[in-house]
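Okay, so here's the structure we're looking at.
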There are 2 protein chains.
Amino acid sequence: MEFSRMRSLRKTVLLAIVASVVLVVALLHSWPTRAYTTVDVRQRPGPIVERHLEERLPEPDQRSANIPYRLKESVAGLLARNGCVCEGESGGVNLPFAQLLFPRVSAHPLHTAFDASELEEMKRRRAKEYQSFQMRSQTPVDMLIVAEANNPLQYPTQGVEVRPLKTILIPGLALQDLPRELYTVNFTSTLGVFNVAAEVEGVKVKGDGEMHMTLMSSLLPNLNRQLQFVSYTNTLFHPSTADTVQFETEGHQAMFIIKIRHRVTPKLYNTGPKGEYNISALVTIATKTFLRYDKLQDLIDSVRRYYPTVTIVIADDSENPKTVSGPYIEHYIMPFGKGWFAGRNLAVSQVTTKYLLWVDDDFIFTANTKLEKLVDVLEKTTLDLVGGAVREATGYTATYRQTISIEQGEEEEGDCLHMRRAFHHIIQGFPNCVVTDGVINFFLARTDKVQQVGFDPRLARVAHLEFFIDGLGSLHVGSCDDVIVNHATKIKLPWVSQSESDKTYAKFRYPPASSDATHTKNGLLYFKNHFQCLTHN
Amino acid sequence: MEFSRMRSLRKTVLLAIVASVVLVVALLHSWPTRAYTTVDVRQRPGPIVERHLEERLPEPDQRSANIPYRLKESVAGLLARNGCVCEGESGGVNLPFAQLLFPRVSAHPLHTAFDASELEEMKRRRAKEYQSFQMRSQTPVDMLIVAEANNPLQYPTQGVEVRPLKTILIPGLALQDLPRELYTVNFTSTLGVFNVAAEVEGVKVKGDGEMHMTLMSSLLPNLNRQLQFVSYTNTLFHPSTADTVQFETEGHQAMFIIKIRHRVTPKLYNTGPKGEYNISALVTIATKTFLRYDKLQDLIDSVRRYYPTVTIVIADDSENPKTVSGPYIEHYIMPFGKGWFAGRNLAVSQVTTKYLLWVDDDFIFTANTKLEKLVDVLEKTTLDLVGGAVREATGYTATYRQTISIEQGEEEEGDCLHMRRAFHHIIQGFPNCVVTDGVINFFLARTDKVQQVGFDPRLARVAHLEFFIDGLGSLHVGSCDDVIVNHATKIKLPWVSQSESDKTYAKFRYPPASSDATHTKNGLLYFKNHFQCLTHN
């Protein structure tokens, strides 16, 4: 009896073991295996990318060396120079009010933000950070490619794009060659592989699934049909780059790039019900305050007269912060004296509406402060930011429009930044509005664009145009002179004694030189933005 | 006597008048006159831009209609479909722990964030905002251009760039035509004008200074020499756009674009003296806290054990905020319950160092929390952000790596968002690190990149991967498992009663449904990012 029970027990155990083994083997077999490839993302200098065109007129080759030409100075003079020179305008009429009527351009070398003792070290550090930045931001997309003349190859020169690690058909490929016995084309890439989505009769495919693929056929129509099925798959992941494809046939070659990147995801905002502009749903007012609670309260009261439910976000770095409260008021307390741009960055970081309106804490809303007009401009144009006008007690109204341009300098020295009181064009359909690059501190803007540019918290004290400099290329800026806010008086009336808070305010607002030179306006332009010179009028 | 005095007086007056007139005339003459042109920046649909390649296999034309081919399913199946379908994986083993061992993909339609009553209105508003976004972001740079075969024209297909309102020479232009009596080429553009920087003998130039220019010559070498001096000047201002140039000769044409944009200004940070990594100069620790001052203090104490002078930025939206102070501590008070991502956005908006380290307020630093290792990764690679690992009390350590991809859907419905627990590659030179798209809430990152992406303040409560979704395409993300921070226990020990603050924390941390549906996670994905579906495992 016992022996048979033991045998059946052993059998059961054996069966269980076998079953487990089979299960484990099945598990291991079905386990998704993936050989992870490595990727090299270390910073290294890439191929020399010709990002900026030579200003020098092209050297003639043998054939054209003897062909005479005459320079056209009016055009040649507009071409970029090989570096930038830090100089303003000299001479001019030297009368009183001359600077007011005929503002001359002055030039400011920026390395002067640093002591002579620290300048060398700063230059070295800046150069190291700049090279790192260049290595990270270079892309084959900016490389100069010239299409050969009389090339039998037809191919796409731009517009070919694939999502990272995905597959596309390459459009527009064809060969229009003279009659031959055998037609051959081949493809080479570095960040992905080629293949064919269909195999056409009479065409031999070699290297499908690899970085180098060849198609061969004695029948040209068949080869061209096959070329309509060529696919590209990105295999080396990068969120935003491009692969360079060499496309060749006997005696001729072509080069084009395939962009590898994600779809641009939109960042849309809820706008409230349709119909008239619902300012409370569309706009948040943002400001920064420091020791001027009375002026701040005047601002809030004036806003509420016209917009009782619009949210007001207040960043406050006063020493002994007071409570600022009320419906639709958001008050943020910062460490004492943290700073002007830090406060601006804080305030805009909290906005949840489609637009934000920047105001200084000593502005006063009036019946002329029609935010609906500014909203209308941004709703109907491609502008990202539109400034208004600020009216002083004297009646003088300013829009402070500035154009900003950057002239490339030698790499070791840095670029030249040029700012002028000017604008580019008047806006069609909005005769009171113009397109420019910088405006006064009273503006309505798309929240997502302002948050993307940001106010650099390293700027503790006076700063203004630095925001627009950082926004160059991202922000499309406009300015309208028919939406006006009042500026609470700054005139020191002799019979009004300066209050304690006014004195402290003045001490912080117009401070002595900072200890960290890269956190001053000029030090930051020098180090952060790689400028050598600032010219303005 | 009187008479002569009157005459000399009258003479003086006359002389004065004449002098004034002359002066005024001279003034008016020298006054810089500028006729301001208008620019049309109103939002309008542009030419149909083919941003996304058709997945359909190309229709054959007459000649190739009869050429047989055989579909290669393994490749054709990888091509994008015409829309995206919101479906997960079905079936699979339905055992306990199955989801743990074999995580199945589940699909979540996002419109469910809205009540049936408001969905139609939300769809309409989203469509309107999306069209606006498309009009603002389309650019000729993404247009598909195919180069003709056997074109006698030589021209640049990419890499030609001009600063707004500036002038360049167009490189790489030539004509290599068969012998003719007269060679003609012409240029057409829409945002600028053509000219010649030098006039070559034997070539007639017509339309110089205009948007359409023609060059004619009977001598081909002379025409080619002239083509080396062709200039383009941008005249219609836009901070970031491209002009489409048509370049033609008899019987052939070519099209290429000239990018019009500012130089990319770098945003460099001071790094401190060279040598070993100076963590205090390079890194700022950022966190958000809510009602957990004891845990926050534990975090601070643990940080100080290893990094006594690193700055810690704390965003705090507790109801009755307590003082959190100490050297190198920056404490920011927010309106009560303003929210999780608002707090994160606030904290990062205040960072002034090159890198920021995100930590949750209940982390504990240990000897394994070597920030130098993370700094080394970002200093030596092109990564923008690198996550570490978080160790629970049980010993379980998580890196929470996620890959994220977007599949284009039909415009009315929205796109599909796919997230998977996975990574792309191992990083060469850093065997403990991989490249991925999303990581755990313990990471070191380039401050400028994080500030540029931002944490959307509309997300008040639970949210995490939304930051990485917003960062898709901008952030190059990595994850290393050898830099570990501890997580203060979350296990509810039965003999420890839940404190009042713990109870309030739980109420806010795991809240009931919000009233504003677009501010919920799914509502925001639907509206803001234009998704219809989220799939994940």
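The values are calculated or read from the model by the stated rules, or taken from the named source; none is laboratory data. Since the model is a prediction, treat every value here as computed from it, not as a measurement. Heads up, the Cβs are rebuilt from the backbone with ideal geometry, glycines too, and the neighbour counts pull from every protein chain shown.
As for segment A:393-409, it holds at least one residue that is in contact with a Cys (Cβ under 6 Å, 6 or more places away or on another chain) and within 14 Å of chain B (Cβ to nearest Cβ). Evaluate the following for A:M143: is it within 24 Å of B:T244 (Cβ to Cβ), facing chain B (nearest Cβ under 10 Å) and at pLDDT below 95? Taking the combined requirement at face value, the residue satisfies it.
When B:S405 is tested against the conditions (1) crowded, with 20+ Cβ neighbours inside 10 Å; (2) out of contact with any Ser or Thr (no Cβ under 7 Å at 6 or more places or on another chain), the lone failure is (1). Return the total of residues in segment B:429-452 being in contact with a Leu (Cβ under 8 Å, 6 or more places away or on another chain) and assigned to a strand (DSSP E or B). Of the residues in that region, 6 qualify.
Quick grid of which residues meet (1) more than 8 Å from chain B (Cβ to nearest Cβ); (2) in contact (Cβ under 8 Å) with a residue 60 or more places away in the chain:
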residue	(1), (2)
A:E330	no, no
A:I333	no, no
A:F336	yes, no
A:A342	no, yes
A:A347	yes, yes
A:T352	no, yes
A:Y355	yes, yes
A:I364	yes, yes
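The numbered conditions (1) surrounded by fewer than 22 Cβ atoms within 10 Å (Cβ to Cβ); (2) among the polar types (S, T, N, Q); (3) over 23 Å from A:V453 (Cα atoms) are all true for B:T381 except (1). Considering B:V450, B:V439, the condition of being at pLDDT 95 or above, away from chain A (no Cβ under 11 Å) and buried (at least 23 other Cβ atoms within 10 Å of the Cβ) is satisfied by B:V439 alone. A:A286 meets the conditions (1) among the hydrophobic types (A, V, I, L, M, F, W, C); (2) within 26 Å of A:K521 (Cβ to Cβ); (3) surrounded by fewer than 19 Cβ atoms within 10 Å (Cβ to Cβ) in every case but one. The failed one is (3).
When you check A:L417 against the structure, is it closer than 26 Å to A:T271 by Cβ and either among the acidic types (D, E) or touching a Ser or Thr at 6+ places or on another chain (Cβ under 8 Å) (or both), yes or no?
Answer is no for this residue.
Scanning segment A:105-121 for residues that are in contact with a Gly (Cβ under 8 Å, 6 or more places away or on another chain) and either surrounded by 15 or more Cβ atoms within 10 Å (Cβ to Cβ) or facing another protein chain (nearest Cβ under 7 Å) (or both) gives A:V105, A:A107, A:L110, A:A113, A:F114.
The number of residues in segment B:110-149 that are within 26 Å of the chain's Cα centre (by Cα), assigned to a loop (DSSP other than H, G, I, E, B) and more than 30 Å from A:V146 (Cα to Cα) comes to 0.
For A:I314, are the conditions met, namely being in contact with a Phe, Trp or Tyr (Cβ under 7 Å, 6 or more places away or on another chain), over 27 Å from B:E466 (Cβ atoms) and either modelled with pLDDT of 95 or more or β-branched (V, I, T) (or both)? Answer is no for this residue.
The set of residues in segment B:292-328 that are aliphatic (A, V, I, L, M), within 13 Å of chain A (Cβ to nearest Cβ) and under 18 Å from B:T447 (Cα atoms) comprises B:I312, B:V313, B:I314, B:A315. Among the criteria (1) more than 11 Å from chain A (Cβ to nearest Cβ); (2) in contact with a Cys (Cβ under 8 Å, 6 or more places away or on another chain), the one B:F430 does not fulfil is (1).
Output the residues belonging to segment A:400-428 that are part of a loop (DSSP other than H, G, I, E, B) and not small (G, A, S). Of everything in segment A:400-428, those that are part of a loop (DSSP other than H, G, I, E, B) and not small (G, A, S) turn out to be A:Y400, A:R401, A:Q408, A:E410, A:E411, A:E412, A:E413, A:R421, A:F423, A:H424, A:Q428.
Restricting attention to segment B:514-537, report how many residues are outside any helix (DSSP H, G or I), of a type in the set (A, V, I, L, M, F, W, C), out of contact with any Cys (no Cβ under 6 Å at 6 or more places or on another chain) and buried (at least 23 other Cβ atoms within 10 Å of the Cβ). So the answer is 1. Here A:L417 does not fit the description of being closer than 30 Å to B:G471 by Cβ and at pLDDT below 95. The number of residues in segment B:274-291 being within 11 Å of another protein chain (Cβ to nearest Cβ), within 25 Å of B:W340 (Cα to Cα) and part of a loop (DSSP other than H, G, I, E, B) comes to 0.
The lone criterion from (1) at pLDDT 70 or above; (2) in a helix (DSSP H, G or I); (3) loosely packed, with under 13 Cβ neighbours inside 10 Å left unmet by B:R70 is number (2).
Can you confirm whether segment B:214-223 contains a residue that is within 22 Å of A:L78 (Cα to Cα) and in contact with a Phe, Trp or Tyr (Cβ under 7 Å, 6 or more places away or on another chain)? Within segment B:214-223 (the criterion being within 22 Å of A:L78 (Cα to Cα) and in contact with a Phe, Trp or Tyr (Cβ under 7 Å, 6 or more places away or on another chain)), the answer is no, since none of the residues qualifies. Being surrounded by 18 or more Cβ atoms within 10 Å (Cβ to Cβ) and aromatic (F, W, Y) narrows it down to one of B:Y328, B:Y355, so name that one. The match here is B:Y355.
One line per residue, one yes/no per condition, for (1) closer than 24 Å to A:I404 by Cα; (2) at pLDDT 95 or above; (3) in contact with a strand residue (DSSP E or B) (Cβ under 9 Å, 6 or more places away or on another chain):
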residue: A:D456; (1), (2), (3): yes, yes, no
residue: A:F468; (1), (2), (3): yes, yes, yes
residue: A:N486; (1), (2), (3): no, yes, yes
residue: A:V496; (1), (2), (3): no, no, no
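Close Cβ contacts (under 6 Å, 6 or more residues apart or on different chains) running from residues in segment A:21-45 that are more than 9 Å from chain B (Cβ to nearest Cβ) to residues that are surrounded by 10 or more Cβ atoms within 10 Å (Cβ to Cβ) and modelled with pLDDT under 70 are absent.
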